[in-house]
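None of the figures in this text is laboratory data; all of them are computed from the coordinates on show. For clarity, every value in this text was computed on a predicted model and none was experimentally measured. Here the Cβ is made from the backbone with ideal geometry for all residues, glycine too, and neighbour counts use every protein chain on show.
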């Protein structure tokens, strides 16, 4: 006999069993939802703790330290790989950096009332790099002079057309500021390119950069934890003598190790190398602080998270590049 649809079969659950299954399903859903809420709460609490720690670290260091480290690693990797594998690629990296430096400084000077043409400044700065790489010191100097003339002529042409720009009364100041951008950024920076292009110069360039990093890192870490006595409070209030002592120790250790294991120079040369870079890196750091103080700004730009701008990151490198090239000519 055929079973009616509303008749329960032998394997069909009874109403009591259906009620139990429904209760279990509801209990499982409730537990799953509670577990999800618990995980979400833990993630929110963890994010809040991380944000709180980052805020405290930023307040203590004055910058976003994780972002600063990430940017430093990326820049360092680009420079390191280009120096080790393809020198011509280092020229491209250097051209990009020097062009950025010229744009940043020209923009900062314009903000302070010095009418420096930005595009010509960038073009002139970038042109120094291949000139130094392929033409040596002669090409470097020729490109520098040509760049200053180019930027100056551009500014003179601007006077001939109506615009919001300053008139002839500020021309001398504007021309001097444009020349300063080329000398400070492209000329000093191109010494690294000039050195890298010479035989075994890539190792000297890499060593100079590492020692500069050691100076900055030693000063930062020591000054942050032990700094009490300001070094130049009117120029850079955060610079301390304790930080300077840390930079001396870190740079000398790095320079001695690099002299012996990378440059194939006697150990004592490390003290000469490190001592010179300590002086030039400190001068570069304080000089940029003085420029920013004169212009009334905290950072040259905000392009690099945790650093400010490229010039804020490379201020110690610029005078150190010229000093390192001089040591290369004397000892290499």
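Relative to the compact-globule estimate of 2.2 N^0.38 Å, the Cα radius of gyration of the stretch 68-197 comes out at 1.14. The packing ranking of peptides 174-184, 258-268, highest mean first, is 174-184, 258-268, where packing means the average number of other beta carbon atoms within 10 angstrom of each residue. Each of residue 283 and residue 84 was given a label point 7 Å from its Cα along the Cα-to-Cβ line. The distance between the two points is 3.2 nm.
Separation of the stretch 94-123 and the stretch 219-249, taken as the distance between their Cα centroids, equals 30 angstrom.
As a rough footprinting exposure proxy, the listed residues 121, 82 were ranked by other beta carbons within 10 Å of their own, and the order from fewest upward is 82, 121. Sorting 153, 83, 318 by the number of Cβ atoms found within 10 Å of their own Cβ, with the fewest placed first, yields 153, 83, 318. Ordered by the count of other Cβ atoms within 10 Å of each Cβ, fewest first, 85, 244 give 85, 244.
To the nearest 0.05, what FRET efficiency results for residue 299 and residue 37 with a Förster distance of 45 Å applied to their C-beta separation? After rounding to 0.05, the efficiency reads 0.60. The distance between label points at residue 268 and residue 45 comes to 6.3 nm (points 7 Å beyond Cα on the Cα→Cβ vector).
Just round it to a whole percent: the fraction of Cα-Cα distances in the stretch 200-332 exceeding 25 Å. In whole percent, the share of Cα-Cα pairs in the stretch 200-332 beyond 25 Å is 26.
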